[in-house]
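Undergrad: Okay, handing you the structure first.
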Amino acid sequence: MEKQSAKQTAKEIAKHDVQYDAGRHAGKYIVSIDQSTQGTKALLFNERGELCMRTDLPHKQIVNGKGWVSHDGEEIYQNTIQVIKNVLNIAKVNPDEVAGIGISNQRETGIMWERETGKPSDYAVVWQCARAAQICERKEISGMAGKIREKTGLQLSPYFTAAKICWLLENVKGAKEKAKDHNICHGTMDSYLIYRLTKGEVYATDYSNASRTQLFNIFTLTWDKEICGSFGIDTENLPEVKDSNACFGYTDCEGFFAKPIPICGVMGDSHAALFGQNCRLEGKTKVTYGTGSSIMMNIGEKPILSSNGLVTSLAWGISGKPEYVLEGNLNYTGAVITWLKDSVHLIESASETEALAKEAAQEDSLYLVPAFSGLGAPYWDSNARAAIVGMDRTTGKAELARAALESIAYQITDIVRAMERDSEKKIGILRVDGGPTRNQYLMQFQSDITGSEVSISRIEELSGTGAAFMAGMALGVWQEEIFDTISWSKVLPQMTEEVRERKYGGYKNAVGMVRTN
């Protein structure tokens, strides 16, 4: 990596705005990098937008005795290079046929690196890690909680990147001094990978990732100097914020490509999934079912600050046009079924729950409130604890399994209804993805209890697909018709309004029994 003057600021580096030269590449393939919490994937899409190959490599989950969760940025970068090589080699595709690269990434994780070398200064602080909690409790920061929410759309929390970067600056030897001389870079994982892939030529992030740092003013679309200052962060050391479909520079992937290729689609993973689900119009909503769940609603060009326990972020920026989302995140959705299997030993496989739910007594009124680590959105009650409500002598294995499945749908309905109140729009269709969507009972109950059509995506790799579609459209490989390649199976509500409200009301009463606020 070429050395640059120590006096040159990170902002000056960021002003190097690379433009895509359409004449340089005539490739027909797009490689999408999905850099997630557990590993890094490379997905290869052909000229028809079809996923034709995927490879992935895991990275170490570094957890110390204090429960701090870290990742090795150097390992992640080397894995990124390797999965790109692997996917093309296995698919037997000539690297010269690749038009460009898109990136989706784990959000909120904070990483710091040396400006001259690009090497990480220390391990990345993962989004799950709460080591920076005491930073958020400082008077000069906690006293700004209201202002932080008003400017960033986010609740003050060590979950977001701001406190993690502050922790790195305060605890990595020499970091503060290097920051004063603008010899340090810090940000989210996308900005680090872009910096490494472009050999330090481009220091940038996109709107979606910037909006999850708790440092970015989502109204002025700038790094907020007051908030950054409260966390001891110099805005001059933060990356340039670009449209998600901008050109983020060129990479030869450590010499693998004979000619450098453009990086043209960058988004946080949940935002990329929203794009991949074709939720590009205001009011479109998606649910990702996993260990936890991310529920996102596209609210268009004007941000709405939630009055109902949700957060507001930028969905993306496309060709100078930013769009916003309301979002709610749940910790225990698929994890409830894991609890049934691994802790209660009620089932041996998650697949058993569908048949058990159908066997359960039809008039049973059992509710499970999975507040194992408190209640998240929209309640935000960290002191609440889980409960099973409404048992009688006939309660058995089938009823417990059904209550566990239904608790997933009830929690998502809480978020959906909060979104409807904030946006003043009825959500007619929920687009859904993730492993639990294979459970027919859950999908039918989700449709019934929300009163919405549930459209189940037949594409599993939606984060990677969204980044690929963004890149391919930016590079002219595809037009908007590429979204026509996505197909869904539909589930329609069958429950009457009277039954729906009775069942949901029973769940709300059960939640009220465990709430402490």
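Undergrad: Output the residues belonging to the range 441-469 that are in contact with a helix residue (DSSP H, G or I) (Cβ under 6 Å, 6 or more places away or on another chain) and within 20 Å of Met53 (Cβ to Cβ).
TA: The answer is Ile459, Leu462, Ser463, Thr465, Gly466, Ala467, Phe469.
Undergrad: Something else now. Run Ile101 past the list (1) in a strand (DSSP E or B); (2) over 21 Å from the mean Cα position of the chain (by Cα); (3) farther than 28 Å from Phe219 by Cβ and report the number of the one that doesn't hold.
TA: (2)
Undergrad: Hey, which of the helices (runs of 4 or more DSSP H) in the range 174-241, taking only ones fully inside, have at least 2 residues that are within 22 Å of Glu301 (Cα to Cα)? If you could, list the steps in order and put the result at the bottom.
TA: Values: elements: 175-180, 189-197, 207-210, 225-230.
Fully inside the range 174-241 and qualifying: 207-210.
Undergrad: Kindly list the number of the only condition in (1) within 30 Å of Gln411 (Cβ to Cβ); (2) surrounded by fewer than 24 Cβ atoms within 10 Å (Cβ to Cβ); (3) among the small types (Gly, Ala, Ser) that fails for Gly255.
TA: All conditions pass for Gly255, except number (1).
Undergrad: May I ask you to verify whether Glu420 is closer than 20 Å to Val325 by Cα and free of Cβ contacts under 8 Å to residues at least 24 places away in the same chain?
TA: Details: closer than 20 Å to Val325 by Cα: yes; free of Cβ contacts under 8 Å to residues at least 24 places away in the same chain: yes.
Taking the combined requirement at face value, the residue satisfies it.
Undergrad: Do the conditions hold for Ile263, that is, is it crowded, with 22+ Cβ neighbours inside 10 Å and in a helix (DSSP H, G or I)?
TA: Details: crowded, with 22+ Cβ neighbours inside 10 Å: yes; in a helix (DSSP H, G or I): no.
It is false that Ile263 is crowded, with 22+ Cβ neighbours inside 10 Å and in a helix (DSSP H, G or I).
Conditions tested, residue by residue: (1) among the small types (Gly, Ala, Ser); (2) more than 21 Å from Ser32 (Cα to Cα); (3) modelled with pLDDT under 95.
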position: Ser307; (1), (2), (3): yes, yes, yes
position: Ala315; (1), (2), (3): yes, no, no
position: Gly328; (1), (2), (3): yes, yes, yes
position: Asp342; (1), (2), (3): no, yes, yes
position: His345; (1), (2), (3): no, yes, yes
position: Ser349; (1), (2), (3): yes, yes, yes
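Undergrad: Does at least one position in the range 12-22 carry a residue that is buried (at least 16 other Cβ atoms within 10 Å of the Cβ), within 25 Å of the chain's Cα centre (by Cα) and at pLDDT 95 or above?
TA: To start, the set of residues in the range 12-22 that are buried (at least 16 other Cβ atoms within 10 Å of the Cβ) comprises 13-14, 18, 20.
The next check asks that each one be within 25 Å of the chain's Cα centre (by Cα); those that pass are 14.
Restricting the remaining residues to those that are at pLDDT 95 or above gives none.
Within the range 12-22, not a single residue is buried (at least 16 other Cβ atoms within 10 Å of the Cβ), within 25 Å of the chain's Cα centre (by Cα) and at pLDDT 95 or above.
Undergrad: Take Ala210 and tell me if it is crowded, with 24+ Cβ neighbours inside 10 Å, within 21 Å of Ile318 (Cα to Cα), of a type outside the set (Phe, Trp, Tyr) and within 17 Å of the chain's Cα centre (by Cα). Outline the logic, then answer.
TA: On the way: crowded, with 24+ Cβ neighbours inside 10 Å: yes; within 21 Å of Ile318 (Cα to Cα): yes; of a type outside the set (Phe, Trp, Tyr): yes; within 17 Å of the chain's Cα centre (by Cα): yes.
Yes: the conditions hold for Ala210.
Undergrad: Also, I was wondering about something else. Would you call Gln82 buried (at least 17 other Cβ atoms within 10 Å of the Cβ), over 21 Å from Leu462 (Cβ atoms) and free of Cβ contacts under 8 Å to residues at least 60 places away in the same chain? Break it down stepwise before answering.
TA: Details: buried (at least 17 other Cβ atoms within 10 Å of the Cβ): yes; over 21 Å from Leu462 (Cβ atoms): yes; free of Cβ contacts under 8 Å to residues at least 60 places away in the same chain: yes.
Yes, satisfied.
Undergrad: Among the residues of the range 145-201, what is the count of those that are out of contact with any strand residue (DSSP E or B) (no Cβ under 7 Å at 6 or more places or on another chain) and farther than 12 Å from Asn237 by Cα?
TA: Here the count works out to 23.
Undergrad: Among the residues of the range 45-65, is any among the small types (Gly, Ala, Ser), buried (at least 17 other Cβ atoms within 10 Å of the Cβ) and either at pLDDT 95 or above or under 21 Å from the mean Cα position of the chain (by Cα) (or both)? Break it down stepwise before answering.
TA: Taking the range 45-65 and keeping what is among the small types (Gly, Ala, Ser), we get 49, 65.
This time we only want the ones that are buried (at least 17 other Cβ atoms within 10 Å of the Cβ), so: 49.
After this cut, where a residue has to be either at pLDDT 95 or above or under 21 Å from the mean Cα position of the chain (by Cα) (or both) as well, the list is none.
No, the range 45-65 contains no residue that is among the small types (Gly, Ala, Ser), buried (at least 17 other Cβ atoms within 10 Å of the Cβ) and either at pLDDT 95 or above or under 21 Å from the mean Cα position of the chain (by Cα) (or both).
Undergrad: I'd like the residue in the range 129-144 that is part of a helix (DSSP H, G or I) and of a type in the set (A, V, I, L, M) and, out of all such residues, is most open to solvent (accessible area, probe 1.4 Å). Reasoning before the result, please.
TA: Restricting attention to the range 129-144, the residues satisfying the condition of being part of a helix (DSSP H, G or I) are 133-136, 139-142.
After this cut, where a residue has to be of a type in the set (A, V, I, L, M) as well, the list is 133, 135, 141.
Details: Ala133: 32, Ile135: 7, Ile141: 1 Å².
Out of the qualifying residues, it is Ala133.
Undergrad: Restricting the search to the range 87-114, which residues are among the charged types (D, E, K, R) and either surrounded by fewer than 19 Cβ atoms within 10 Å (Cβ to Cβ) or at pLDDT 95 or above (or both)? Show your work before the answer.
TA: To start, the set of residues in the range 87-114 that are among the charged types (D, E, K, R) comprises 92, 96-97, 107-108, 114.
If the condition is that a residue be among the charged types (D, E, K, R) and either surrounded by fewer than 19 Cβ atoms within 10 Å (Cβ to Cβ) or at pLDDT 95 or above (or both), then Lys92, Asp96, Glu97, Glu114 are the ones that fit.
Undergrad: Out of contact with any Asp or Glu (no Cβ under 8 Å at 6 or more places or on another chain) and surrounded by fewer than 23 Cβ atoms within 10 Å (Cβ to Cβ) - does that describe any residue in the range 311-326?
TA: no
Undergrad: Report, by residue number, each residue of the range 147-167 that is buried (at least 24 other Cβ atoms within 10 Å of the Cβ) and aliphatic (A, V, I, L, M).
TA: Matches in the range 147-167: Ile148, Ala162, Ala163, Ile165.
Undergrad: Hey, any hits in the range 411-420 for a residue that's of a type in the set (Ser, Thr, Tyr), within 22 Å of the chain's Cα centre (by Cα) and within 18 Å of Asp448 (Cβ to Cβ)? I'd like the intermediate steps shown before the answer.
TA: At the first step, the residues of the range 411-420 found to be of a type in the set (Ser, Thr, Tyr) are 413.
Still in the list and also within 22 Å of the chain's Cα centre (by Cα): 413.
Cutting the leftovers down to within 18 Å of Asp448 (Cβ to Cβ) gives us 413.
Yes; the residues of the range 411-420 include at least one that is of a type in the set (Ser, Thr, Tyr), within 22 Å of the chain's Cα centre (by Cα) and within 18 Å of Asp448 (Cβ to Cβ).
Undergrad: Next question. For the range 330-352, name all the residues that are open to solvent by 50 Å² or more (accessible area, probe 1.4 Å), in a helix (DSSP H, G or I) and closer than 12 Å to Pro370 by Cβ.
TA: Thr338, Trp339 - these are the residues of the range 330-352 that are open to solvent by 50 Å² or more (accessible area, probe 1.4 Å), in a helix (DSSP H, G or I) and closer than 12 Å to Pro370 by Cβ.
The values are calculated or read from the model by the stated rules, or taken from the named source; none is laboratory data. All values reported here derive from a predicted model rather than from experimental measurement. Heads up, the Cβs are rebuilt from the backbone with ideal geometry, glycines too, and the neighbour counts pull from every protein chain shown. Side chains included, ligands, DNA and RNA excluded: accessible areas come from the protein's heavy atoms. Shrake-Rupley method; radii C 1.70, N 1.55, O 1.52, S 1.80 Å.
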